[in-house]
Amino acid sequence: MSIRYQPSIKNLSRYLYFILFFFIHGSVMAQKGSDLGEGSVKISMFYVPAADTARMDTTNRAFMKFHYFIFHHKVLRRDASDGIEITKSANTKPLNKSDSNISITTSLSAHMVIPSYVIDWDKKTISTFFLKNGKSCISEDSVQTYTQDFFYRLMAMASTSTAQILIDTAHAQPVIVCGIKCIKANYLHSSQSGWHQFIYFKKDLNFISPLNGLLNNKFPFPVISIDMEVKGDAKEPNKITGVMRGQITEIDTKKQNPLLFELPPNTLILKNVPYSEMYKNN
């Protein structure tokens, strides 16, 4: 009988945090004011144990999902399980068919049921919506210190010489991801022990891929999928225990409604509220 180490979702999130720490160590903030483009994208994070990495079958292995709506200098994260409700006083309409649970009108009086947030890329801040004693509140944090978001935290950082990345496209292969023809190649990051696969699209999307931060924003094409090794358990902290894959699963280049990215007026804004406090007794 054999026992396979299967980390919990909590542990996987912790591993992902440490992986991204090594990806951004020795880095500085990216240039302020970059236009992120426009559209929406869904990203899934998968974990494959070391014993199964030869096949890298990610079926039923997603442990975390991200759904981003992007509008130039603003980003809204709303995961499918969260749901957002914005109630207005007049002329309320669904934003579109796929977002029937989002209502937008010209007069804003917000009621939000979300662990969801808006990123202001110019200010490099994240505003998270939550309820406190039944009242709508916002917690404002720095993108660089906000541990609940991995990808835009990385994109807000630009690599220095501390982290080195090599790209091998000499053995690239064509693949289809999200219904588009992409290219599979390999990269070597100085924080990892070997070459790992990534997939990119050799044309511009309408928006910057959130996964490009994992290559320090220096790769010129949109990254669609990328693998990262996971090291360590209680007994052998340097042992590779598996591979995490961040992969875009859906791309939508439709125009976004600007009202979706505006913060509700007359809402109490607090600084750096811990998640444990945001959802306490709510």
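Residue-wise test of (1) surrounded by fewer than 17 Cβ atoms within 10 Å (Cβ to Cβ); (2) outside any loop (DSSP other than H, G, I, E, B); (3) on the phi < 0 side of the Ramachandran plot.
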{"residue": "Ala172", "(1), (2), (3)": "yes, yes, yes"}
{"residue": "Ile176", "(1), (2), (3)": "yes, yes, yes"}
{"residue": "Tyr187", "(1), (2), (3)": "no, yes, yes"}
{"residue": "Gln192", "(1), (2), (3)": "no, no, yes"}
{"residue": "Ile199", "(1), (2), (3)": "no, yes, yes"}
{"residue": "Leu205", "(1), (2), (3)": "no, no, yes"}
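Can you spot a residue in segment 242-253 that is surrounded by 15 or more Cβ atoms within 10 Å (Cβ to Cβ), outside any loop (DSSP other than H, G, I, E, B) and over 17 Å from the mean Cα position of the chain (by Cα)? Taking every residue of segment 242-253 in turn, at least one turns out to be surrounded by 15 or more Cβ atoms within 10 Å (Cβ to Cβ), outside any loop (DSSP other than H, G, I, E, B) and over 17 Å from the mean Cα position of the chain (by Cα). Quick check on segment 254-269: of everything there that is among the hydrophobic types (A, V, I, L, M, F, W, C) and surrounded by fewer than 16 Cβ atoms within 10 Å (Cβ to Cβ), which residue is farthest from Ile208 (Cα to Cα)? Only one residue tops the list, namely Leu268. Only one of (1) at pLDDT 90 or above; (2) under 29 Å from Asn212 (Cα atoms); (3) in contact with a strand residue (DSSP E or B) (Cβ under 6 Å, 6 or more places away or on another chain); (4) not polar (S, T, N, Q) fails for Cys137. Which number is that? Going through (1) at pLDDT 90 or above; (2) under 29 Å from Asn212 (Cα atoms); (3) in contact with a strand residue (DSSP E or B) (Cβ under 6 Å, 6 or more places away or on another chain); (4) not polar (S, T, N, Q) one by one, Cys137 breaks only (2).
In segment 156-167 there is at least one residue that is closer than 25 Å to Lys65 by Cβ, within 21 Å of the chain's Cα centre (by Cα) and surrounded by 15 or more Cβ atoms within 10 Å (Cβ to Cβ). Taking the criterion of being buried (at least 23 other Cβ atoms within 10 Å of the Cβ) and not in a strand (DSSP E or B), the only residue of segment 216-241 that qualifies is Pro222. Restricting the search to segment 254-282, which residues are of a type in the set (Ser, Thr, Tyr) and either touching a Ser or Thr at 6+ places or on another chain (Cβ under 7 Å) or not in a loop (DSSP other than H, G, I, E, B) (or both)? Hits for segment 254-282 are Thr267, Tyr275, Ser276. Name every residue in segment 270-282 that is surrounded by 15 or more Cβ atoms within 10 Å (Cβ to Cβ) and either under 20 Å from the mean Cα position of the chain (by Cα) or among the β-branched types (Val, Ile, Thr) (or both), in order of residue number. Listed by number, the list holds a single entry, Val273.
The values are calculated or read from the model by the stated rules, or taken from the named source; none is laboratory data. Bear in mind the structure is a predicted one, so any value in this text is a computation, not a measurement. A quick note on method: Cβ atoms are made from the backbone with ideal geometry, for glycine too, and the neighbour counts reach across all protein chains shown.
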